[in-house]
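Right, one structure below, let's go through it.
Derivation of every value follows stated rules applied to the coordinates shown; laboratory data play no part. Treat the numbers as computed from the prediction; the structure is a model and nothing was measured. No Cβ is skipped: glycine too gets one built from the backbone with ideal geometry, and neighbour counts run over all protein chains shown.
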Amino acid sequence: MQTRVSTKGQIVLPGPLRRKLGIRAGDPLDASIESGRIVLTPQRQGKRELKIITDPITGLPVLTAGPDAPILTSEQVAEMLADFP
């Protein structure tokens, strides 16, 4: 994937990369240079507090990680469930 540097030195991380790594607006990234390449590494936040709540529409129990949790695609969920014992 390709992106450009703006006149202010800003870059846009393509959406598929952000979604794959769970990067959201405001998330901190470590920047370094390795072998002549710029490397951005997401700083991992503390563990998320997961809770089971009742869905207000269906009344069924659902798992929530809070409003700032990354949004997962159906493909990502299927990939995670494939590895589930």
Point to revise | Over the chain: helical MRE at 222 nm, DSSP H runs n ≥ 4 each giving -39500 (n - 2.57), nearest 500 | key: -5000 deg cm²/dmol
Review point. What does the charge dipole of the chain about its Cα centre add up to, to the nearest 20 debye, if the Cβ of each Lys and Arg holds +1 and the Cβ of each Asp and Glu holds -1?
Key: 340 debye
Exercise for review: Going by C-beta contacts inside 10 Å, put ARG24, ARG37, ARG18 in order with the fewest on the left.
Suggested key: ARG37, ARG24, ARG18
Check your understanding: In sequence order, what are the phi-derived ³J(HN,Hα) couplings for the range 9-25 according to the Karplus relation 6.51 cos²θ - 1.76 cosθ + 1.60 with θ = phi - 60°, rounded to whole Hz, with x for glycine and proline?
Key -> x, 8, 10, 10, 7, x, x, x, 5, 4, 5, 4, 9, x, 8, 10, 3
Exercise for review: Measure off 7 Å from each Cα along the Cα-to-Cβ vector at VAL39 and ARG4, then give the distance between these two points in nanometres to one decimal.
Suggested key: 2.9 nm
